[in-house]
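One structure is given here, and the rest of the page talks about it.
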Amino acid sequence: MFEDQSDLVQNLLAGNNEFRQMYEEHQALKKQIADSGRTMEHFTVERLKKRKLQLKDQMAAILAASGNR
């Protein structure tokens, strides 16, 4: 995720608590979705995917704002 901006991501992870929390939640959801297999209801997996996408969009907005400074 955001491979082309890895330096900026690392800086934000170190210095922006909001970004770090979103990143950690995104990573946890990614793992939970990958590990779910068929043990979760489809609705639950879709809800997790939507939250993960929301976090990614929010992080992208922070990256864009930080990259323009």
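Rule-based calculations on the coordinates, nothing more; no lab input. Just so you know, these numbers come straight off a predicted model, no measurement behind them. Glycine gets a Cβ as well: all are built from the backbone with ideal geometry, and neighbour counts include every protein chain shown.
With N set to the residue count of the chain, report its C-alpha Rg divided by 2.2 N^0.38 Å to two decimal places.
Dividing the Cα radius of gyration by 2.2 N^0.38 Å gives 1.23.
Over the chain, what relative contact order in percent results from Cα pairs under 8 Å that are six or more residues apart?
Once divided by the residue count of the chain, the mean separation gives 38 percent.
For labels at residue 16 and residue 44 in the simple 7 Å Cα→Cβ model, what's the distance in nm?
3.3
For 2, 19, 43, what's the fewest-to-most ordering of other Cβ within 10 Å of each Cβ?
Sorted ascending by nearby Cβ count, the order is 43, 2, 19.
For the chain, state which GluC sites (Glu not before Pro) are in a DSSP loop and have at most 16 other beta carbons lying within 10 Å of their beta carbon.
41
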